[in-house]
1. Residues that are open to solvent by less than 50 Å² (accessible area, probe 1.4 Å), in contact with a helix residue (DSSP H, G or I) (Cβ under 9 Å, 6 or more places away or on another chain) and of a type in the set (F, W, Y): does the stretch 137-151 have at least one?
2. Considering every residue within the stretch 59-68, establish whether at least one is more than 18 Å from L115 (Cβ to Cβ) and exposed (fewer than 15 other Cβ atoms within 10 Å of the Cβ).
3. Is there a residue being modelled with pLDDT under 90 and either in a helix (DSSP H, G or I) or on the phi > 0 side of the Ramachandran plot (or both) anywhere in the stretch 134-154?
4. Go through the stretch 165-206 and give me each residue that's within 14 Å of I30 (Cβ to Cβ) and touching a Leu at 6+ places or on another chain (Cβ under 8 Å).
5. Out of (1) over 16 Å from L29 (Cα atoms); (2) in a loop (DSSP other than H, G, I, E, B), the odd one out for L88 is which?
6. Kindly list, by first and then second residue, each pair from a residue in the stretch 180-194 that is within 15 Å of F146 (Cβ to Cβ) to a residue that is open to solvent by 10 Å² or more (accessible area, probe 1.4 Å) and among the basic types (K, R), limited to pairs with Cβ atoms under 7 Å and residues at least 6 apart or on different chains.
7. Can you name the condition, by its number, that S55 falls short on among (1) at pLDDT 95 or above; (2) among the polar types (S, T, N, Q); (3) not in a helix (DSSP H, G or I)?
8. Do you know which of the residues in the stretch 10-25 that are closer than 26 Å to V78 by Cα and in a loop (DSSP other than H, G, I, E, B) is modelled with the lowest pLDDT?
Amino acid sequence: MAKFTVSSSPHVSSKDTTTKIMLDVIIALIPALIMATVFFGLRALLVAAICIASSVLSEYLSRKIMKRENTVGDLSAVVTGLLLALNLPVNIPLWMVVLGSIIAIVVVKQFFGGLGQNFVNPAITARIILMLCFAGAMTNWVTPNFKTHIDGLTGASPLGVLASGEGEMPSLLEMFIGLREGSMGETCVIALMLGGLYLIIKKVIS
């Protein structure tokens, strides 16, 4: 009698590798990073660079300590670092940036087995933990360039204005373009739409 063997998933193969998919996600996030730099200055690039570097280093060291095959080459740590950066205010203390990266990679991702094993999104979970621990720093929004001539002026986000009833609510056009307070990567709707369109065209998402 022939033996029937059942293997573990996945059962459908694809020519797309993890690295290729992650590279597409990075490319899709570039417009948001560019607009964050335009609106919030070069510190946006610094925050992103530190986030990415500390995420990659955290992945390399944690995998080495756990004696697992190193996976920094699949670019997933770069994606996590970039996503986390775009979810942070531009003026957040840099040590919090590093802490958030360690939480995302080591605690949320690697402690649960690595890419595909974590049950929550590492970058968003790290953002939530930073928000719970450092609410002041995580909600200290900077008014974007071109909206004021005062460098580094802080203000409330649109949701903050609605909640408090104080401050000036940005127009729909300003919110669409990105001329409003908020996290680095959330303000410019056009940039996010371009990134989403790219992922649809590349068939990374449907």
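1. yes
2. Of the stretch 59-68, the ones more than 18 Å from L115 (Cβ to Cβ) are none.
For the stretch 59-68, residues more than 18 Å from L115 (Cβ to Cβ) and exposed (fewer than 15 other Cβ atoms within 10 Å of the Cβ): absent.
3. Yes: one or more hits.
4. Taking the stretch 165-206 and keeping what is within 14 Å of I30 (Cβ to Cβ), we get 184-185, 188, 190-199, 202.
If the condition is that a residue be within 14 Å of I30 (Cβ to Cβ) and touching a Leu at 6+ places or on another chain (Cβ under 8 Å), then M184, G185, G195 are the ones that fit.
5. (1)
6. Partner pairs satisfying both residue conditions: T187/R180.
7. (3)
8. Within the stretch 10-25, the first condition is being closer than 26 Å to V78 by Cα, and the residues that meet it are 10, 13-25.
Those still in the list that are in a loop (DSSP other than H, G, I, E, B) too: 10, 13-17.
Working: P10: 60, S13: 64, S14: 67, K15: 73, D16: 78, T17: 88.
Within the stretch 10-25, the match that is modelled with the lowest pLDDT is P10.
The values are calculated or read from the model by the stated rules, or taken from the named source; none is laboratory data. Quick caveat, the model's predicted, so the values are computed rather than measured. Please note: Cβ atoms are built from the backbone with ideal geometry, for glycine as well, and neighbour counts cover all protein chains shown. What goes into the accessible areas is simple: the full protein's heavy atoms, side chains included, and nothing from ligands, DNA or RNA. Shrake-Rupley method; radii C 1.70, N 1.55, O 1.52, S 1.80 Å.
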